[in-house]
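S.K.: Provided herewith is a single structure, encoded as structure tokens, for subsequent inquiry.
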Amino acid sequence: MIIKATQKNTRQTARKVRLIANSVKKLPLVDAVKQLAVIERRSTLVVLKVLKQAISNAVHNHGFKIEELTIKNITVAPGPQLKRFRAVSRGRAHNIVKRSCHITVEIEAGESKKDIKSAVEKSKVNEEKTQIKTKTDKKVKEEVSAVKNVSKKSKNLKEKKKTEIKKTK
């Protein structure tokens, strides 16, 4: 199972964030967090936040343990650019481009225990439903036959009463 976490429109250039992401990408999850804590760059904070977000998604939403998780991929894509200018001499202007990026962390893990438990519970529920359906079908058939028998008996009684009434007249 793949769990994703994204951070969009981070006000740092994709190139600077990609340096950190590539250094951490191939490490085990625990080592990656330790490495990010040691590196002194501004982009480590953002990558660490996204990584922690992905871990918490896996732990709380899917029931995985941290030991079961591995980093599958960390992608850094360029985001929108803010274009500004700086006034310089002789009425001219120099362009300033303020870049941003999108960071996506993908964590991979096997099937969670919750998924396995829910699959087992669903199969048990389905088995119980089929058993209940067969039981109710049998009961319904028995009730229908009983109603038919009662209706036949009531018809026979009515006919007997009619014949008795005719005989008495």
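S.K.: Under Stokes-Einstein, with the Kirkwood radius over Cα pairs standing in for Rh, what whole-number D in µm²/s applies to the range 1-95 at 37 °C and 0.692 mPa s?
M.R.: 216 µm²/s
S.K.: Mind giving me the FRET efficiency for K139 and N73? R0 is 35 Å, r the Cβ-Cβ distance, nearest 0.05 is fine.
M.R.: Once the sixth-power term is evaluated, E becomes 0.05.
The numbers here are math on the coordinates, done by the rules we state, and not lab data. Everything quoted here is computed from the prediction, not taken from an experiment. Backbone-built Cβ (ideal geometry, glycine too); neighbour counts: all protein chains shown.
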